Amino acid sequence: VQLQASGGGLVQAGGSLRLSCAASGRTFSNSVMGWFRQAPGKEREFVARISWSGSSTYYSDSVKGRFTISRDNAKNTVYLQMNSLKPDDTAVYYCAVDKRGRGSSWWSFYDFWGQGTQVTVSS
C-alpha cells in the first residue's frame, strides 16, 4: 500500500487547508485511516481517525471542532479539512492506515504511512 499526502502549505492564522491522502495498491475492508502530525522537536501526535464506513470519527482534543476527517472509499482517499488554523497546528502531517481497523490513536497500530505534507500557520 502506498499513501500519497498532499494539500499542505503556508496559511495565516484563522485560515483553512484541506489535506488529501490517496491510497494505491491493496485495499483493506474495515480499515481505519488516520492523520497524525509531528512538529519539530516534538513527538508524533494523533490528530483524527475514521472508520471504513465513515460513520465513526474521533479527534484529538486539540483539533476537535476545527478539523473534519472524511473518506471516499471509491477513490481510496481520506481528507482532513482544517479550519480556524492556529500557529500551534504547524507540523508535518502524515496519513496512515490501520489495516485491521482497531480504531486506535496510537501510531504503532498503523501499518502503512504516507510521506507527510508540511503545514505552516503564520501568526
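The values are calculated or read from the model by the stated rules, or taken from the named source; none is laboratory data. As the structure is a prediction and not an experimental result, all values here were calculated from the model. Every residue, glycine as well, gets a Cβ built from its backbone with ideal geometry; the counts of neighbours run over all protein chains shown.
Just one of (1) within 14 Å of S20 (Cβ to Cβ); (2) at pLDDT 95 or above fails for L85. It is (1).
Yes or no: segment 44-56 includes at least one residue that is acidic (D, E) and without any contact (Cβ under 8 Å) to a residue 24 or more places away in the chain.
First pass over segment 44-56, keeping only residues acidic (D, E): 45.
Those still in the list that are without any contact (Cβ under 8 Å) to a residue 24 or more places away in the chain too: none.
Within segment 44-56 (the criterion being acidic (D, E) and without any contact (Cβ under 8 Å) to a residue 24 or more places away in the chain), the answer is no, since none of the residues qualifies.
Taken over segment 98-115, the criterion of being of a type outside the set (D, E, K, R) and touching an Asp or Glu at 6+ places or on another chain (Cβ under 6 Å) is satisfied by F109, Y110. In segment 9-59, of all residues being more than 15 Å from the chain's Cα centre (by Cα) and among the polar types (S, T, N, Q), the one that is modelled with the highest pLDDT corresponds to Q12.
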